[in-house]
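All remarks here apply to the structure that follows.
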Amino acid sequence: MKTDIRNKEDIKILVDAFYQKIKTDEIIGYLFNEVALVNWEKHLPIMYDFWDNILFHTGNFDGNPMMKHRMLDEKSTLTEAHFLHWTKLWKKTVDDFFEGEKADEVKIRAKNIAKAMMNKVIN
Ligand code: HEM
């Protein structure tokens with residue numbers, strides 16, 4: 001029986017599982033591993049805070065995602081296919097672990113942010 005996303009511990013489960021998939025993903029893994037050379041120990045806590053703020057309004061995220069992704073796009077072109085794939089992996093990971101209102105919300109928010117990012121970053 002799946003539960004809804006209830007707290008930051010659940011967000012950690014979701015975010016860790018998502019980036020486990022990303023790391024070995026054939027379509028977008030290289031952007032993290034070879035282009036951005038992501039420091040996972042730093043990146044994962046930023047992502048916990050990002051989603052914690054979105055779902056539970058904690059106010060503890062102060063990054064600048066649009067700028068980060070624009071910089072990434074300058075290093076190696078991001079495409080609509082990349083964003084659609086990111087969104088698909090996110091949805092799949094949420095569905096693997098959770099169900100409920102917050103689970104629905106986190107999928108919708110990701111899709112909307114991905115759309116906004118696509119417009120701002122690759123257009
Ligand atoms: C093509 C799809 C995407 C790729 C390849 C990608 C890749 C990356 C990479 C490599 C970073 C690390 C940048 C760095 O710290 O050096 C990053 C940061 C981040 N990404 Fe993405 N991303 C994608 C889509 C998204 C989407 C759709 C969201 C939100 C729903 C998102 C949210 C974030 C956030 C919040 C950060 C941290 C920004 C910060 O530190 O200020 N990303 N992304």
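The values are calculated or read from the model by the stated rules, or taken from the named source; none is laboratory data. Values in this document were obtained by computation on a predicted structure and should not be read as measured data. FYI the Cβ positions are ideal-geometry reconstructions off the backbone, even for glycines, and counts take in every protein chain you see. Quick note on the areas: whole protein, heavy atoms, side chains included, nothing else; ligands and nucleic acids left out. Shrake-Rupley method; radii C 1.70, N 1.55, O 1.52, S 1.80 Å.
For the reader, a short list of remarks on this structure follows.
- The C-alpha atoms of the chain define a longest principal axis, and helix 80-97 lies at about 20 degrees to it.
- J(HN,Hα) series, the range 108-117, from Karplus relation 6.51 cos²θ - 1.76 cosθ + 1.60, nearest Hz, glycine and proline x: 5, 4, 4, 4, 5, 5, 4, 4, 4, 5
- Based on protein heavy atoms only, the chain ends up with 61 Å² per residue of surface accessible to a 1.4 Å probe.
- Highest mobility in the GNM of the chain, judged by mean-square fluctuation with C-alpha springs under 10 Å and restricted to Asp62, Asp16, Asp104, is found for Asp62.
- Loop-located GluC sites (Glu not before Pro) in the range 1-78 whose Cβ has at most 15 other Cβ within 10 Å (DSSP): Glu26
- Local electrostatic count, Met66, Cβ distance below 12 Å [Lys/Arg +1, Asp/Glu -1]: +2
- Taking Cβ atoms as reference points and 14 Å as the exclusive limit, the residues near Gln20 contribute a net charge of +1, counting Lys and Arg as +1 and Asp and Glu as -1.
- Over the residues of the chain, the helix contribution to mean residue ellipticity at 222 nm works out to -21000 deg cm²/dmol, using -39500 (n - 2.57) for each DSSP H run of at least 4.
- For the chain, radius of gyration divided by Kirkwood radius, i.e. Rg to Rh on alpha-carbons: 0.94
- Carbon plus sulfur fraction of accessible area for the range 8-122, probe 1.4 Å, in percent: 55
- Tilt relative to the chain, helix 40-56 - C-alpha long axis, 0 to 90 degrees, to 10: 50
- In sequence order, calculated HN-Hα J values of the range 2-7 (Karplus, 6.51, -1.76, 1.60; Hz; x Gly/Pro): 7, 9, 7, 7, 9, 6
- With Cα atoms, 0 to 90° folded angle of helix 65-75 axis to the chain main axis: 30
- For the pair the range 65-123 / the range 18-35, the C-alpha centres are spaced 14 Å from each other.
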